[in-house]
Amino acid sequence: MKLIKKIIYWKLSLQFYLITFLRNKFYDFGLLRSFSFEIPVISVGNLAVGGTGKTPMVEFLIKKFSHKYKIAVLSRGYKRKTQGFILASEKDDASSIGDEPFQYYSKFKNIKVAVDKKRIRGIKKLISIGINMIILDDAFQHRKVIPTYSILLSDYSNLYFNDYLLPRGNLRESKSGYKRADSIIITKCPENLSENNRQQLIEIINLKYNQHIFFSKIKYSNVLFSANNSINISELSNQKVDVITGIVNSENLIKQLEDMGLFINHLKYPDHYNYRLKDISKIKESFVITTEKDYTKLRKFHIENLYYLPISMEISAEKTLMEKIEEKIG
């Protein structure tokens, strides 16, 4: 049975390869039209499906550029229950604009957040209200837009060059798609990543002459936050807590909390999961920890002692990355 499944997935992957290959070639040869814009457009994306750290990368860019530009983050709003263009406002939540866009909107009051499956339309509408820099969230495969700067992310534990096309693997398009990126960032690297390991990865990737590679790691806060309170994680040492996650890879988060002395009862759900009351009834402990993304959806249930753990991205040679971006955007 496993052999039959592998054969079926292999054949389906070949079909998927043909479709994505032809689509990319049509754009490369101008048979399908792409559009560029006068304002800086920074694209953040990946070759694989989910879990590479796009959200902390987008937040990194917001923090770096929001003092200088009128920024908007534009996303398609994955799994939202609405259609068309929406400029986020107080009436919106994760169901109307998607969980990551709602996280950006809730967290950054000095930017605009919008969703639109048709990115060209979304960009034009944002420009019309005075936006002069746009960050495209999860847009590496959106070939209709020619970004000013394109950032490709790849998870250290699941590098794209070791992966396969869907459904055999997790790739959305051929590995050769990496050539469109201006910078490749290997995310979620271990703390002890050696220079030798970095050089090995650089050799495998085979960068083009105009590409650059960077390495990053996730930094976890020592403080948990709720709507009206905060608490240092050390205060929960040796206590048992519920941890609720609806993300692709929750292992690193669980390990981080366990390393800080917490005993974890893990309630694990699929990425972008829409929580229901019956899920909340499974909570056993008096203290509940979740991700910042999941918090945007769980807080409507008014769970007592619900806290989220913020994360951020720390990029090696951060100054060089910023210089490369600024060179391209002018």
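Below, the figures for the structure above:
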| read-out | value |
| --- | --- |
| Cut-off under 5 Å, modelled amide H: who pairs with LEU262 long-range | ASN238 |
| Angle in degrees between helix 119-128 and the longest Cα principal axis of the chain, rounded to the nearest 10 | 80 degrees |
| DSSP-defined beta bridges in the chain - what % are antiparallel, rounded to 5 | 25 percent |
| Rounded to 10°, Cα long-axis angle of helix 195-205 versus longest principal axis of the chain | 50 degrees |
| Pairwise centroid distance, computed over Cα atoms, of the range 156-178 with the range 66-145, Å | 27 Å |
| For q = 0.15 Å⁻¹, Debye-computed log10 I/I(0) when each Cα of the range 223-309 counts as one equal scatterer | -0.48 |
| Cut-off 14 Å between beta-carbons: net charge of the residues surrounding ASN46, Lys and Arg +1, Asp and Glu -1 | -2 |
| Loop GluC sites (Glu not before Pro), the range 16-94 (other Cβ atoms within 10 Å of the site Cβ: 13 or fewer; DSSP) | GLU38, GLU90 |
| Charge context of SER226, other residues only, Cβ under 11 angstrom, K/R +1, D/E -1 | 0 |
| Contour minus Cα-Cα distance for VAL248 and ASN228 (0.36 nm per residue) | 4.4 nm |
| Footprinting exposure proxy for MET260, MET57 (fewest neighbouring C-beta atoms within 10 Å first) | MET260, MET57 |
| Over 14 Å [Cα-Cα, the range 48-119], rounded percent | 57 percent |
| Cut-off 11 Å between beta-carbons: net charge of the residues surrounding ASP155, Lys and Arg +1, Asp and Glu -1 | +1 |
| Distance in nm between pseudo-label sites at SER128 and LYS2 (7 Å out along the Cβ direction from Cα) | 5.6 nm |
| Euclidean distance between Cα centres, the range 8-65 to the range 254-330, Å | 25 Å |
| GluC sites (Glu not before Pro) restricted to the range 293-330 and DSSP loop, no more than 14 other C-beta within 10 Å | GLU304 |
| Per principal axis, descending, Cα span of the chain in whole Å | 59, 54, 40 |
| Charge dipole (the chain, unit charges on Cβ, about Cα centre) - positive-most of PRO190, VAL113, ILE8 | ILE8 |
| Range of Cα positions in the range 1-143 per principal axis (Å), largest first | 53, 36, 29 |
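Values quoted throughout were computed directly from the atomic coordinates according to the rules given, and no laboratory measurement underlies them. Predicted model, so just to flag it, every value in this text is computed and none were measured. With ideal geometry, Cβ positions are generated from the backbone for all residues, glycine too; neighbour counts draw on all protein chains shown.
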